[in-house]
Amino acid sequence: MEYKILKKPEYGQKIEFKNEKIFVSDNPIIPFIEGDGIGPDIWSATKNVIDAAVKKAYDGKKEIAWYKIYAGLDALNKYGNDNILPEDTLNAIKEYKVAIKGPLTTPVGKFDYVCLKCSKEQDGIDGNRPKKCIKCGAKFITPRFRSLNVGLRQKLDLYACVRPVRWFNGVPAPVKKPEKLDVIIFRENTEDVYSGIEFQENSNDAKKLIGFLKEKFNKDIRKDSGIGIKPISITGSKRLIRKAIDYAIQNNKPSVTLVHKGNIMKFTEGAFRDWGYELAKSEYRDEIITEQELWDEYDGNMPKGKVLIKDRIADQTFQQLLLRPDEYSVLATPNLNGDYISDACAAQVGGLGLAPGANIGDKMALFEATHGTAPKYTGMDKVNPSSLIISGVMMLQYLGWNEAADLIELALEKTISNKSVTYDLERQMEGATKLKTSEFGKKIVENM
Ligand code: NAD
């Protein structure tokens, strides 16, 4: 791989894949992106926790060779020229296969510029780029850009967004029995509404498309409509569902539920369900049983050692996850359903602050915090690093370093149930001790 600015890491070895199997040395090189806003604070705590767990779990025989790579504000400082997602960064993830990142600023409004320091979006002055931010005075103003997170997922073809959601003992939650929810959501990451094919109302392209659909297919669409295209393919669906079933088999999970809206959208959402069953029956015949087979052949009694493949309509899934959460385990979803369900599940067990995430492709994975850059807390050593820490746990599991992953999970749970927490949880718990980000990280290490 050619790099413009990045230097080769001084020690450690590359992670390799041979015949789908991961090979990890005792000193794997793992690139990290600190992230914008609160990124450096939560990354620092996360790194300390991961390093301490690895050291303890393997008596100092293993150690991650961290390799700093750049995106967002960090990249702007290092690479200049508005280069906020350098090729170097993409190449490093491709070469070293497993990486972890903090949150990155994403402009959401309609303004022309954004400050990478405080996320304030703003218009140009007389058509020119503002010299400094109207809110924080920083000089890190860039033209608006599309989400770097989406860019990373698309350019690296990280097609499965994986979000485990479970309750951690002690976390205040809005439902009576939060411990009953323990799911892992595999959400398709590259198509459906994420393909980003949209035409603004009254634009020439929208008018052309409306005319084309009327002329060729005799379909009437209101003239003042914006139009979005929702492609869902066999390729995209099957590779995602394959990941979900593989995960269920490898981790002894009882079921995989295909979540869709096939009653309304037959050839996209409904097809996702059909292709899922087709894949399960053709590639995993001995390991799975469908819900239909369960009732037709086994009178509803689940045979031992099989994974149940079932499907649910998306709206019903929301009800079921609240009313009968323990009947669900692995969920496989097209993009938009998964987006809603991930956040709803996370809220059910006490909020997004603790929800980890990973974007996984073929022989490549990027682990990340699921919340944003919370710019008002930048540099205050205040926020909760749990989302990134638990993403680190997922990363260790992906490496096969389960002993270190378990140490962190248990210590994190102990820390929270002892009521030693950051401000966001402290204000919801009675008699809790409020810790800074760094102190919370240290407490987890003490509790290992
Ligand atoms: P946000 O998640 O950054 O913050 C919203 C609020 O949630 C914060 O003000 C804070 O009160 C709370 N919060 C977030 N993370 C927390 C933590 N770790 N501990 C305690 N409290 C926390 O959402 P936002 O304000 O809508 O977005 C800010 C920026 O982040 C935007 O540019 C947005 O596009 C971007 N963003 C990035 C990602 C990502 O990189 N994956 C995800 C979401 C948003």
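The values are calculated or read from the model by the stated rules, or taken from the named source; none is laboratory data. Here the structure is a predicted model, which is why all the values come from computation and not from measurement. Positions of Cβ are backbone-derived with ideal geometry, glycine not excepted, and every protein chain shown enters the neighbour counts. All accessible areas refer to the heavy atoms of the entire protein, side chains included, with ligands and DNA or RNA removed. Shrake-Rupley method; radii C 1.70, N 1.55, O 1.52, S 1.80 Å.
Overview of values
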quantity: Selected residue (criterion: nearest to residue 17 (Cα to Cα)) from residues of segment 352-373 that are more than 9 Å from the ligand (Cβ to nearest atom) and assigned to a loop (DSSP other than H, G, I, E, B); calculated: 363
quantity: Close pairs (7 angstrom Cβ cut-off, 6 or more residues apart or separate chains): under 20 Å from residue 110 (Cβ atoms) in segment 146-166, near the ligand (Cβ under 10 Å from one of its atoms) anywhere; calculated: 147/106; 148/71; 148/72; 148/104; 148/106; 149/104; 149/106
quantity: Only one of 376, 443, 414 that is part of a helix (DSSP H, G or I), at pLDDT below 95 and either open to solvent by 40 Å² or more (accessible area, probe 1.4 Å) or within 24 Å of residue 55 (Cβ to Cβ) (or both); calculated: 376
quantity: Residue within segment 374-382 that is under 23 Å from residue 96 (Cβ atoms) and either of a type in the set (S, T, N, Q) or not assigned by TED's automatic domain parsing to the domain that holds residue 30 (or both) present; calculated: no
quantity: Residue pairs meeting the criteria (Cβ under 6 Å; at least 6 apart or on separate chains; first on the phi < 0 side of the Ramachandran plot, in segment 63-92; second open to solvent by 20 Å² or more (accessible area, probe 1.4 Å) and basic (Lys, Arg)); calculated: 70/78; 88/4; 90/155
quantity: Identity of the residue in segment 144-154, more than 9 Å from the ligand (Cβ to nearest atom) and in contact with a Lys or Arg (Cβ under 9 Å, 6 or more places away or on another chain), that ends up least open to solvent (accessible area, probe 1.4 Å); calculated: 152
quantity: Criterion (exposed (fewer than 15 other Cβ atoms within 10 Å of the Cβ) and at pLDDT 95 or above) met by exactly one of 51, 59; calculated: 59
quantity: Boolean, residue 197 is over 24 Å from residue 361 (Cβ atoms), among the β-branched types (Val, Ile, Thr), open to solvent by 50 Å² or more (accessible area, probe 1.4 Å) and touching a strand residue (DSSP E or B) at 6+ places or on another chain (Cβ under 9 Å); calculated: no
quantity: Every pair of residues 6+ apart whose Cβ atoms lie under 6 Å, when the first sits in segment 33-52 and is β-branched (Val, Ile, Thr) and within 11 Å of the ligand (Cβ to nearest atom) while the second is outside any loop (DSSP other than H, G, I, E, B) and open to solvent by 10 Å² or more (accessible area, probe 1.4 Å); calculated: 38/377
quantity: Any hit, segment 382-402, residues being away from the ligand (no atom under 15 Å from the Cβ) and of a type in the set (Lys, Arg); calculated: no
quantity: Qualifying residue in segment 418-438 (condition: assigned to a loop (DSSP other than H, G, I, E, B), crowded, with 17+ Cβ neighbours inside 10 Å, among the small types (Gly, Ala, Ser) and touching a helix residue (DSSP H, G or I) at 6+ places or on another chain (Cβ under 9 Å)); calculated: yes
quantity: Selection status of residue 124, under 28 Å from residue 355 (Cα atoms), free of Cβ contacts under 8 Å to residues at least 24 places away in the same chain and surrounded by fewer than 20 Cβ atoms within 10 Å (Cβ to Cβ); calculated: no
quantity: Among residues of segment 121-143, those that are among the basic types (Lys, Arg) and within 14 Å of the ligand (Cβ to nearest atom), counted; calculated: 1
quantity: Complete set of residues in segment 137-195 that are more than 18 Å from residue 258 (Cα to Cα), within 21 Å of the chain's Cα centre (by Cα) and among the polar types (S, T, N, Q); calculated: 147, 149, 154, 195
quantity: Matching residues in segment 385-400 - criterion: being without any contact (Cβ under 8 Å) to a residue 40 or more places away in the chain and surrounded by fewer than 23 Cβ atoms within 10 Å (Cβ to Cβ); calculated: 397
quantity: Count of segment 74-111 residues which are touching a helix residue (DSSP H, G or I) at 6+ places or on another chain (Cβ under 9 Å), assigned to a loop (DSSP other than H, G, I, E, B) and within 16 Å of the ligand (Cβ to nearest atom); calculated: 7
